[in-house]
Structure formats: structure tokens, C-alpha cells
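Beneath this line is the structure, given in C-alpha cells, with notes to follow.
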Amino acid sequence: MYKVYCRSFQGVMKIASTFMPWREPELLVGENSLKELPKLIKQNKIDSVLIVTDQGIVSVGLMDKFLIDLRAEGIDYFIYDKTVPNPTIDNIEEAFQMFTAYNCNGIVAFGGGSPMDCAKGVGARAARPNKSIPQMKGVLKVLKKMPPLFAIPTTAGTGSEATLAAVVSNSETHEKYAIMDTSLIPHYAVLDPLLIVNLPPHITAATGIDALTHAVEAYIGKSNTKETTQYSLDAVKLIFENLYESYTNGTNIQARTKMQKAAYLAGMAFTRAYVGYVHAIAHTLGGFYSVPHGLANAIILPYVLEYYGESVHKPLAELAELVGIGDPADTTEQKAVKFIEAVKDLNDSMAIPKKVSGIVDSDIPVMVERALKEANPLYPVPRILNKDDLFTLYQLIKE
């Protein structure tokens with residue numbers, strides 16, 4: 001009965017999603033495309049923006065030219081740079097206080113997934129000032145227009161510049177959860193490869209496999225549309241062709257550009273088709289131990305794909321064919337197994353660990369509960385797992 005309930009819920013959500021007010025961000029793409037953004041902000045009659053970022057971005061001077069261009073357009077800016085990996089409710093509240101105190105009328109997210117999540121949280125609070133972040137947890141709890149949001153990703157991974165989700169951590173309870181609402185989709189996104197050419201190899205690797213996880217989990221799920229299927233296929237192909245090159249040769253603009261496109265397409269795929277147990281487990285590891293989200297996904301992905309077994313053989317075989325893995329004479333199962341092995345090989349080639357260190361046995365029961373609550377009944381996974389299944393997966397991934 002539980003599985004019937006989950007599938008029924010997912011079916012209703014899939015039908016309901018066709019009536020939701022989806023929008024796609026307007027894109028600025030290519031080398032130096034960031035230079036066009038201040039003019040665009042000005043055209044939108046915005047004269048004061050809150051820039052949500054982190055201290056790493058500020059310290060390497062990645063924003064310096066952008067700030068000069070904002071000043072040239074006469075746009076006031078205020079910088080919130082205290083965002084931490086797995087941004088907290090406190091981060092959002094501090095940034096929101098700045099947004100209101102300085103009478104900002106636009107938000108710029110500058111950084112990886114964490115600043116983008118934090119900025120979306122600020123947008124949600126601006127749209128619903130009488131609602132707390134915990135009150136907006138889950139699906140469609142904002143339902144109100146937020147200030148214009150301009151997303152500038154500095155990694156090729158999260159796809160947050162394309163999605164309706166903001167992932168938030170509660171530092172007191174170690175809970176990590178998503179706020180999901182179409183009003184949180186950024187209005188504009190800048191895909192400028194010059195922002196990621198100096199991304200360190202280990203971050204290139206983890207964020208790249210994060211994008212792969214989005215594309216694969218969306219593809220093997222049961223709520224795909226014709227569009228999300230194509231987004232996933234395109235993203236997987238681009239990642240297999242360009243991630244290792246980006247990792248070994250970060251200044252290859254063509255590879256970096258294609259990885260940005262892949263991350264964006266994967267974001268477009270999963271914002272409609274959802275993710276699965278890889279993400280549900282990864283979020284608990286981020287909440288409890290601050291494991292970076294992309295790294296957690298990268299480690300967990302092969303384990304979950306193997307655990308799904310026969311339920312994913314057909315879609316994984318299709319992905320294997322797409323990226324030219326295996327022999328035409330292979331069975332569907334053999335192709336699927338080879339695809340999972342290819343993911344493992346890609347991880348190994350980029351020094352991604354095989355296990356998650358630091359998992360405490362006494363934390364596992366709570367993490368199992370939280371991961372199960374996140375995934376079921378919402379995520380249209382290929383096979384619905386129970387507590388015992390998730391307990392087994394935590395045992396498999398822990399060092």
C-alpha cells in the first residue's frame with residue numbers, strides 16, 4: 001500500500017506540474033558575458049542590489065570587474081559574503097536583513113550552489129516577509145513574486161541557476177531540506193566560462209559529477225517529460241565528453257563552456273523531473289557533517305545505481321549507448337553495469353574517494369528517517385526503497 005501511495009502522489013504531482021507557472025531564466029552566454037549584466041540590471045530599473053556570495057569568491061577577486069561595471073551604471077551594491085557551504089537559515093536571515101536595511105530592489109547570486117541557495121532564500125523571505133524559512137520548507141509554500149534574481153554560477157555543477165529549489169541547512173538540528181517553488185527560478189543567468197577557468201581540479205570534479213547526478217537521477221525517474229528527457233541526454237553526453245578535460249586542463253575554454261551548458265541542462269531536467277535517493281542521502285551528510293554536496297553525490301551515485309538493480313537497467317543501458325560505452329552485442333544488463341563502471345572510473349580518474357569518512361553509526365537512524373522523508377513520496381524514483389534499504393546504503397558508503 002505504501003508504494004501505491006507514493007506512486008499515486010507522484011502521479012498527481014506530475015499532472016499538477018503541467019499547470020505550474022514555469023519560466024526559464026534569460027541567459028547571457030559566452031566569454032565576457034558577465035560584462036553585459038550591469039546594463040541589463042539597469043534596464044530592469046533596478047538601482048540597488050544585494051550581492052550574495054562567499055569569502056572565497058571575494059578573496060580571489062572574481063567579482064572585481066563586475067563591481068566596477070555596476071558602479072559605472074550607477075547601481076548601488078551591498079555584499080553579503082558570509083555564505084557557508086550548505087547555507088544555513090542564519091545566513092539567509094543575515095542577508096535578508098541587509099536586503100531590507102539597504103532598500104535593495106534586486107538580488108545577485110555570485111558563486112556556486114551555496115550562494116545561489118542563500119540568495120533564493122533571501123528572495124523567498126522578501127516575497128513572504130511574514131513567513132520563516134522553516135515555514136516555507138517543501139513544495140509551493142512561497143507562491144508570490146520575488147525581487148528580480150540574477151544568478152552568476154562560478155562552478156559547473158549545481159544547475160541552481162535553472163531550478164526552483166533552494167536547499168537550506170538548520171545548524172541547530174543538522175537538518176537539510178529544500179524550499180521548492182517556481183517563483184524561486186532565477187530571472188536571469190550568466191554562463192561566462194571565464195568565471196570557472198581557475199576553478200581548482202577537486203571542485204571541478206565534484207561539481208561536474210554533481211551535474212551528472214542531476215541528469216542521471218532525472219533520466220531514470222518516472223516523471224520525465226519529452227523536454228526533461230532530452231535535457232538529461234544532452235547533459236550526460238556533454239559531461240562524459242568534457243568533464244575530465246576540464247579537470248586536467250582547466251583553461252580549455254571550450255570544455256569549460258560545455259560543462260556550464262551541461263550543468264544548466266541538468267538543472268533544467270531535474271527541476272521538472274526531480275532527483276532521487278542519491279540527493280536524499282547527500283543532503284543528510286551535508287546537514288550532519290557539512291560534506292560538500294557535489295562530493296557527497298559523486299561518492300554515493302554508483303552505490304545507489306547498483307542498488308536499484310534491474311529497475312534501472314533499461315535507462316542506464318540507453319545512457320551507455322549514448323556515450324559509446326560497451327559492445328552492441330551486450331545485453332541491457334551488461335550495458336547498464338558498464339555505465340555504472342564508467343561513472344566509477346570517472347570518479348577514480350579525478351581522485352574522488354570511494355567512501356564517505358566521518359559517518360557516526362549512532363547518527364544513521366536519524367539520517368535514514370530524514371532521507372526517507374525527503375524522498376518518499378515526492379521523488380519519482382525507479383524503485384521505492386524502505387528504511388532497511390537506506391540503512392544498507394549508509395553502511396555501504398561509510399568508511
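The values are calculated or read from the model by the stated rules, or taken from the named source; none is laboratory data. From a predicted model like this one, the values you see are computed outputs, not experimental measurements. In this analysis, Cβ positions are derived from the backbone assuming ideal geometry, glycine residues included, and neighbour counts consider all displayed protein chains. These area figures cover heavy atoms from the full protein model, side chains too; ligands, DNA and RNA do not enter into them. Shrake-Rupley method; radii C 1.70, N 1.55, O 1.52, S 1.80 Å.
At 1.4 Å probe radius, can you tell me the per residue accessible area of the range 102-160 in Å²?
I get 31 Å² per residue for this part.
If you count, for each residue, the other Cβ atoms within 10 Å and average over each peptide, how do 254-266, 91-103 line up from highest to lowest?
254-266, 91-103
Positive end of the charge dipole of the chain (Lys, Arg +1 and Asp, Glu -1 on Cβ, about the Cα centre): tell me which of Ser48, Ser349, Thr182 has its Cα farthest that way.
Of Ser48, Ser349, Thr182, it is Thr182.
When the scattering of the range 106-178 is computed by the Debye formula from its Cα atoms alone, each counted once and equally, what is log10 I(q)/I(0) at q = 0.13, 0.14, 0.17 Å⁻¹?
Ignoring solvent entirely, the Cα scatterers give -0.36, -0.41, -0.61.
Give me a comma-separated list of calculated 3J(HN,Hα) values for the range 132-140, in order, Karplus coefficients 6.51, -1.76, 1.60 applied at θ = phi - 60°, integers in Hz, x for any Gly or Pro.
Working through the residues one at a time gives 7, 4, x, 6, 9, 4, x, 9, 6 Hz.
Please provide three numbers in whole Å: the alpha-carbon extents of the range 199-279 along the principal axes, with the largest listed first.
Extents along the principal axes: 37, 22, 15 Å.
Two-decimal Rg/Rh of the range 241-399 from alpha-carbon positions, Kirkwood Rh?
0.97
Quick one: which of 179-187, 270-278, 14-22 comes out on top by average Cβ neighbours within 10 Å, and what's the full order, highest first?
Ranked from most to least packed, the peptides come out as 270-278, 179-187, 14-22.
What whole number of Å gives the distance from the Cα centroid of the range 249-266 to the Cα centroid of the range 340-399?
Cα centres, the range 340-399 to the range 249-266: 27 Å.
What is the ratio of the Cα radius of gyration of the range 39-95 to 2.2 N^0.38 Å, with N the residue count, to two decimals?
Compactness ratio reported: 1.23.
Under Stokes-Einstein, with the Kirkwood radius over Cα pairs standing in for Rh, what whole-number D in µm²/s applies to the range 218-332 at 10 °C and 1.306 mPa s?
Result for D is 104 µm²/s.
Using a 1.4 Å probe over the heavy atoms of the protein chains, calculate the carbon and sulfur portion of the accessible area of the range 270-399 as a whole percent.
Summing carbon and sulfur atoms, their accessible area is 54 percent of the total for the range 270-399.
I need the P(r) histogram for the range 1-75: all alpha carbon pairs, bin width 5 Å from 0 out to the longest distance, whole percents.
Final binned percentages: 3, 12, 14, 15, 13, 7, 7, 9, 9, 7, 4, 1, 0.
How much length, in nm to one decimal, is gained on full extension between Lys3 and Leu67, taken as 0.36 nm per residue of separation minus their Cα-Cα distance?
This chain segment gains 17.8 nm when fully extended.
Could you tell me which residue out of Ser223, Ala109, Gln334 lies farthest along the dipole of the chain toward its positive end? Charges go on the beta carbon: Lys and Arg +1, Asp and Glu -1, centred on the Cα centre.
Value computed over the given set: Ser223.
Please compute one quarter of the surface area of the Cα convex hull for the range 149-231 and express it in square nanometres.
7.2 nm²
If Lys and Arg each add +1 and Asp and Glu each add -1, what is the summed charge of the other residues whose beta carbon sits under 10 Å from the beta carbon of Gly74?
-1
Gln43 to Asp327: extension gain in nm, 0.36 nm per residue of separation minus the Cα-Cα distance?
Full extension of this stretch gives 96.8 nm more.
Once you have the Kirkwood Rh of the chain from its Cα pairs, apply Stokes-Einstein at 20 °C and 1.002 mPa s and quote D in µm²/s.
In µm²/s, the coefficient rounds to 102.
On a 24 Å Cα-Cα criterion, which of the cross-link pairs Lys258/Lys354; Lys35/Lys261; Lys82/Lys137; Lys176/Lys355 come out too long?
Among Lys258/Lys354; Lys35/Lys261; Lys82/Lys137; Lys176/Lys355, the Cα-Cα distance tops 24 Å for Lys258/Lys354.
Give me the number: length gained by fully extending Asn130 to Asp389, i.e. 0.36 nm times residue separation minus the C-alpha to C-alpha distance, one decimal in nm.
Taking Asn130 through Asp389 to full extension adds about 89.3 nm, to one decimal.
All other residues with a Cβ under 15 Å from the Cβ of Thr158 taken together, and with Lys, Arg as +1 and Asp, Glu as -1, what is their net charge?
-2
Once label points are set 7 Å from the Cα along Cα→Cβ at both Asn249 and Phe19, what is their separation, rounded to one decimal in nm?
The modelled label-to-label distance comes out at 5.2 nm.
Please tell me the relative contact order of the chain in percent, rounded to the nearest whole number, where contacts are Cα pairs under 8 Å and at least six residues apart.
16 percent
What's the local net charge at Thr225, with K and R +1, D and E -1, over the other residues with C-beta under 12 Å away?
Within the 12 Å Cβ shell, the charges total +3.
What Kirkwood hydrodynamic radius do you get for the range 1-148 when you take the inverse of the mean 1/r over all pairs of distinct Cα atoms, in Å?
Hydrodynamic radius (Kirkwood, Cα pairs) of the range 1-148 is 17.0 Å.
Using θ = phi - 60° and the Karplus relation 6.51 cos²θ - 1.76 cosθ + 1.60, list the HN-Hα couplings for the range 151-158 in order, rounded to whole Hz, with x at every Gly or Pro.
With coefficients 6.51, -1.76 and 1.60, one gets 9, 10, x, 10, 10, 10, x, 5 Hz.
Output wanted: per-residue J couplings in Hz (rounded whole) for the range 223-240, from phi through Karplus 6.51 cos²θ - 1.76 cosθ + 1.60, θ = phi - 60°, x for Gly and Pro.
Running phi through 6.51 cos²θ - 1.76 cosθ + 1.60 with θ = phi - 60° gives 10, 6, 10, 4, 5, 5, 4, 5, 4, 4, 4, 4, 5, 4, 4, 4, 5, 5 Hz.
Compute log10 of I(q)/I(0) for the range 307-399 with the Debye formula, placing one identical point scatterer on every Cα and leaving out solvent, at q = 0.18, 0.25 Å⁻¹, to two decimals.
The calculated log intensity ratios at q = 0.18, 0.25 Å⁻¹ are -0.98, -1.16.
Quick one: plug the Kirkwood hydrodynamic radius of the range 71-204 (C-alpha pairs) into Stokes-Einstein at 10 °C, 1.306 mPa s, and report D in µm²/s.
It diffuses with D of about 106 µm²/s by this estimate.
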